[in-house]
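Working notes, beginning with the structure itself.
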Amino acid sequence: MPFFCNTTGMRSSVPPNSVDKLRPGDIDIVGAIGDSLTAGNGAMATNILEVLVENKGISWSIGGQANWRQFLTLPNILKEFNPSLYGYPVKDGVSTSKSSRFNAAEGGAMSQDIPHQARNLVKRMLSDPKVDVKKHWKVITILIGGNDFCSNICYTNPPEKALEYHEKNILTALRIFRDYLPRTYVNLVASPNVDILTKMKGKPSECVTMHVFECPCFVATRFVANNKRYVKLIEKWNRLQMEITTREEFHSKPDFTVEYQPFIANISIPERNGLTDFSYMSVDCFHLSQKGYARASNALWNNMLEPIGEKTLNWEHEFSNFKCPSQDMPYLRTLNNSLNGRL
């Protein structure tokens, strides 16, 4: 099959100075920070032990292994617009290895780890001879929160204190990017509502056991009574993230923006014959499979092309809705070009 979008004219003849006029083909560098969902844990796992393997080359927001037909990822989509795209890993590897390139995510990471990861990513970019920090346009994707919700909020007193900590952490990370990386478009992706783990139908026995270890705050018997409180906290967490992305300090520079991408906000795992379709999940029913990553990649791409106020809040079947930039609006959507229409 041919690629879904017409890529002609989707790279500017001269790199734009304004992030509001950034076309997909203008992106030269990709990066990402976050937890195991970005590190790539278990995407190709065939048993529980292989969940420890970080399949970085196929991570939804930063993997660049093969091409979009084999592994649908954001970099593999962007490579269709700019074959010279750089920064994505192409094989398995831990976050500290050179092969991970600009995937600075680490398994088990929480909000408190985001400032360190941001500094690490900036150092990697500044020290890489293939990166011209002042000239190259960069897209960085952040996804964090799952481990905070699963393993931390039930030990925080009160749990809502986590919101205050997260605001400080995310602001620190975003300011690091703003101050050290000109020409940067940051995706701040909504954090997952891990309560979906409690609603899975037909969960295999090994997943029941694993979830007690991976997400005790929602699955362990002693915390079940607090589920509704924790779900409200996650909703507040995401509203906070959305509000942060609208703050003037992240839109005052013409070549920098932070955009909230909400497709995970109302995410649900598809069902088949009345049971949860675990083909979208890794073998622990917690991490995503490569198929799940493809679905997430499609949804993230769509969010990046949807204006503020019209962004999809769920993911759809991979390839069933694949948005494309148009001649009328060839740009990635930002707060400013959403408000002002065509620039």
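With +1 assigned to the C-beta of every Lys and Arg and -1 to the C-beta of every Asp and Glu, and no other charges, what is the dipole magnitude of the stretch 217-343 about the Cα centre in debye, to the nearest 20? Each step should come with its number before you reach the end.
On the way: 15 positive and 14 negative charges, 91 e Å.
For this selection, approximately 440 debye.
Write down the radius of gyration of the stretch 151-245 and its Dmax, each obtained from C-alpha positions, in Å.
Reported Rg and Dmax, both Å: 16.2, 49.
For the stretch 66-194, I need the span (max minus min coordinate) of the C-alpha atoms along each principal axis, in Å, sorted largest to smallest.
Taking max minus min along each principal axis of the Cα atoms, the stretch 66-194 gives 49, 35, 25 Å.
Taking Rh as the Kirkwood radius, which is the inverse of the mean 1/r over Cα pairs, what is the Rg/Rh value for the stretch 190-343?
Numbers: Rg = 18.1 Å, Rh = 17.5 Å.
So for the stretch 190-343, dividing Rg by the Kirkwood Rh gives 1.03.
No solvent, one uniform scatterer per C-alpha: report log10 I(q)/I(0) for the stretch 142-198 via the Debye equation at q = 0.13, 0.30 1/Å, two decimals.
-0.42, -1.27
Just need the Rg to Rh number for the chain, please, alpha carbons only, Kirkwood Rh. Mind dumping the intermediate values first?
Details: Rg = 19.0 Å, Rh = 20.1 Å.
Result: Rg/Rh = 0.95.
Using 28 Å as the Cα-Cα cut-off, could you pick out the over-long pairs in K203/K323; K21/K291; K91/K253; K161/K201; K138/K291; K98/K311?
K203/K323; K21/K291; K91/K253; K161/K201; K98/K311
Beyond 21 Å, what percent of the Cα pairs of the stretch 238-314 remain? If you can, show how the numbers build up before the last one.
Details: 1200 of 2926 pairs.
The calculated P(r) of the stretch 238-314 puts 41 percent of pairs beyond 21 Å.
Under 10 Å, Cα contacts only: if you run a Gaussian network model on the chain, which one of N321, N302, N120 comes out with the highest mean-square fluctuation?
Comparing N321, N302, N120 in a Gaussian network model of the chain, the most mobile one is N321.
Taking N as the number of residues in the stretch 16-125, what is its alpha-carbon radius of gyration divided by 2.2 N^0.38 Å?
Details: Rg = 14.1 Å, N = 110, 2.2 N^0.38 = 13.1 Å.
Expressed relative to 2.2 N^0.38 Å, the Cα Rg reads 1.07.
Projected onto the charge dipole of the chain (+1 at Lys/Arg Cβ, -1 at Asp/Glu Cβ, origin at the Cα centre), which of Y86, H317, I142 gives the Cα projection farthest towards the positive end?
Looking along the dipole axis, the top candidate is Y86.
In Å, what is the Rg of the alpha-carbon atoms in the stretch 204-247, and how long is Dmax?
That works out to 14.3, 45 Å for Rg and Dmax.
Using a 1.4 angstrom probe and counting only protein chains, how large is the accessible area of W68 in Å², to 10?
Surface open to solvent at W68 totals about 10 Å².
With a 1.4 Å probe and all protein chains kept in place, how do L233, L275 rank by accessible area, largest first?
Numbers: L233 0, L275 90 Å².
Largest accessible area first, the residues go L275, L233.
Filter the DSSP H helices in the chain by two things, a Kyte-Doolittle mean of at least 0.5 and an axial alpha-carbon span of 27 angstrom or more, and list the hits by number. Mind dumping the intermediate values first?
On the way: long enough: 161-180 (29 Å, -0.53).
Qualifying helices: none.
Grab the other residues whose beta carbon is less than 12 angstrom from that of N47, score K and R as +1, D and E as -1, and report the net.
Numbers: positive: none; negative: E50, E206, D284.
Here the count lands on -3.
Do the sum for the chain: with -39,500 (n - 2.57) for every DSSP H run of n ≥ 4, divided by all residues, what is the mean residue ellipticity at 222 nm, to the nearest 500 deg cm²/dmol?
Numbers: 10 runs with 105 residues, N = 343.
Theoretical 222 nm ellipticity from helices: -9000 deg cm²/dmol.
Using a Gaussian network for the chain with springs between C-alpha atoms less than 10 Å apart, which of these wobbles most: E160, E271, E316?
Comparing E160, E271, E316 in a Gaussian network model of the chain, the most mobile one is E271.
The values are calculated or read from the model by the stated rules, or taken from the named source; none is laboratory data. Treat the numbers as computed from the prediction; the structure is a model and nothing was measured. Counting neighbours? That spans all protein chains shown, and the Cβs are built from the backbone with ideal geometry, glycine included. Ligands, DNA and RNA are excluded from the accessible area calculation, which covers all protein heavy atoms including side chains. Shrake-Rupley method; radii C 1.70, N 1.55, O 1.52, S 1.80 Å.
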